[in-house]
Amino acid sequence: MAGVSHPTEISIVLVHGGFVDGSGWEGVYRILKKDGYSVTIVQNPTISLADDVAATKRIVHAQNGPVLLVGHSYGGAVITEAGNDPQVAGLVYIAAFAPDKGESVSTLIKDPPPGAPVPPILPPQDGYLFLDRAKFAASFAGDVNAETAAFMAESQVPWGVEALAGAITEPAWKTKPSWYLVVTDDRMIPPAAQRFMSKRAGSTVRESPGSHAIYVSRPAPVVALIEQAATALATASR
């Protein structure tokens with residue numbers, strides 16, 4: 001973080017999760033750009049964790065100076081691994097997985113707590129996963145307007161089983177500061193699991209009502225946490 005004196009001097013890199021692509025970040029992107037930040041969006045293949053980490057690092061290395069990585073859902077696993085890059089100054093998790101060493105998304109979702117909503121993931125097809133389109137909105141995008149949620153369901157990106165199984169070699173949150181937005185109406189990653197992971201990571205935590213797709217439906221609390229993180233990193237570097 002040496003040389004960063006103002007929060008807008010840190011580049012923000014947004015990392016999407018499974019079943020979607022980077023276009024869902026548009027609302028967050030627009031607000032951050034208006035506030036003067038440099039913002040770039042990763043388009044993950046979501047075929048394997050290693051490929052997604054590589055895609056994220058390419059974007060990180062294209063930035064001038066330190067980077068704040070922001071991950072949603074499976075994107076949290078990606079930034080947990082990619083965040084070890086020395087150019088990364090901090091991590092922001094948005095209703096995201098924050099695995100520990102040796103963990104993967106698969107291991108984290110293996111034993112859901114009693115009574116937790118079960119995401120409507122269909123059986124794998126040729127090594128890829130989809131959500132049941134008829135149940136997509138209720139599970140993933142409960143507070144997104146119906147037209148947009150229907151489009152998200154129909155335009156799903158295949159999520160590779162290999163990506164879910166990708167294990168973390170060393171979690172960046174052990175050495176980098178992190179922030180976490182717990183989403184209290186999430187029906188994909190139970191809020192209790194989010195609280196557990198954020199506490200384990202030692203993250204600065206905010207909570208907000210919203211669906212798993214809060215980055216689409218309610219960009220304001222997402223932006224507020226990202227900007228809080230950027231400001232804290234700039235302050236720490238002085």
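The table that follows gives values for the structure above.
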item: Tilt relative to the chain, helix 49-61 - C-alpha long axis, 0 to 90 degrees, to 10; result: 30 degrees
item: Per residue accessible area of the chain, 1.4 Å probe, in Å²; result: 42 Å²
item: Links that overshoot a 32 Å alpha carbon limit, given the list LYS135/LYS174; LYS33/LYS101; LYS57/LYS110; LYS34/LYS101; result: LYS135/LYS174; LYS33/LYS101; LYS34/LYS101
item: DSSP beta bridges in the chain [antiparallel fraction, %, rounded to 5]; result: 15 percent
item: FRET efficiency, ALA116 to GLU207 (Cβ-Cβ, R0 25 Å, nearest 0.05); result: 0.90
item: With DNA, RNA and ligands ignored, accessible area of ARG133 (1.4 Å probe; Å², nearest 10); result: 110 Å²
item: Angle between the chain longest axis and helix 219-237 axis [Cα atoms, degrees, rounded to 10]; result: 30 degrees
item: Share of carbon and sulfur in the accessible heavy-atom surface of segment 17-125 [1.4 Å probe, %]; result: 54 percent
item: Around ALA77: net Lys/Arg minus Asp/Glu count, Cβ-Cβ under 9 Å; result: -3
item: Viscosity 1.306 mPa s, 10 °C: Kirkwood-radius Stokes-Einstein D of segment 121-238 over Cα pairs, µm²/s; result: 98 µm²/s
item: Dimensionless Rg/Rh of segment 171-238 - Kirkwood Rh, Rg from C-alpha atoms; result: 0.99
item: Highest-MSF residue in the chain out of ILE109, ILE12, ILE94 [GNM, Cα springs under 10 Å]; result: ILE109
item: Calculated Rg and Dmax of the Cα atoms in Å (choose from (1) 30.0, 89; (2) 16.4, 51; (3) 20.8, 71), label; result: (2)
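The values are calculated or read from the model by the stated rules, or taken from the named source; none is laboratory data. Remember, it's a predicted structure, so these values are computed and weren't measured experimentally. So basically every Cβ, Gly included, is an ideal-geometry build from the backbone, and we count neighbours across all protein chains shown. In case anyone asks, the SASA skips ligands and DNA or RNA and just uses the protein heavy atoms, side chains included. Shrake-Rupley method; radii C 1.70, N 1.55, O 1.52, S 1.80 Å.
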